[in-house]
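Some notes on the structure that comes next.
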């Protein structure tokens, strides 16, 4: 009888661990690098960034027809640096941190949404002079201003790692930048990105949750 109890105690943790692995698996995801052409309507610019994976959920939905649809929900913390040049006005550079929500279908097509917060530094176009209290006029180098910045954006693209085993994603994205306060009001600027995301062999360990839902 004691032998049966001992065997039961030994087998139970192994059985429980096996069940846990089915419900919650551990995987490795890459820290992604981003580069894009970042245009403020007609004004050219560039944007660079990194995406640090936080969580990934693989979800399969079984419809009443019996068809199974699978997709992946990824969450990233991102760090970004962008700039654009508006001729005759200023060059605006900005550094942001954001939260990216991405949903990728099994076909490779994905959509995403990302709010961001950061700081902006403008560099005024042309030569800027400063009149001091004593009446002297001096030239100011790198004239410009710092502003708090908010950004929200959404876009779509294609992940080549799903079907073609290539560590690349192509995407396009529209963002709305808000700088405040800007001359006692708000400065709102829409931007459009077209770029590529690269998945290098730098891996972080995160949790992947596998979930099945019947509809």
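Just to be sure, is residue 194 under 26 Å from residue 98 (Cα atoms), modelled with pLDDT under 95, touching a strand residue (DSSP E or B) at 6+ places or on another chain (Cβ under 6 Å) and not in a loop (DSSP other than H, G, I, E, B)? Step through it out loud before you land on a result.
Values: under 26 Å from residue 98 (Cα atoms): yes; modelled with pLDDT under 95: no; touching a strand residue (DSSP E or B) at 6+ places or on another chain (Cβ under 6 Å): yes; not in a loop (DSSP other than H, G, I, E, B): yes.
No, not satisfied.
Here residue 107 clears all of (1) in a strand (DSSP E or B); (2) within 24 Å of the chain's Cα centre (by Cα) except the condition numbered (1). For segment 167-191, residues that are at pLDDT 90 or above and part of a loop (DSSP other than H, G, I, E, B) total 1. As a summary of the residue check, residue 56 satisfies the conditions (1) modelled with pLDDT of 95 or more; (2) more than 19 Å from residue 172 (Cα to Cα) except for the one numbered (1).
Before we move on, is residue 47 on the phi < 0 side of the Ramachandran plot, surrounded by 14 or more Cβ atoms within 10 Å (Cβ to Cβ) and modelled with pLDDT of 90 or more?
Working: on the phi < 0 side of the Ramachandran plot: yes; surrounded by 14 or more Cβ atoms within 10 Å (Cβ to Cβ): yes; modelled with pLDDT of 90 or more: yes.
The answer is yes for residue 47.
The values are calculated or read from the model by the stated rules, or taken from the named source; none is laboratory data. Note that the structure is a prediction, hence the values are computed from the model and not measured. We place every Cβ from the backbone using ideal geometry, glycine too, and count neighbours over all the protein chains shown.
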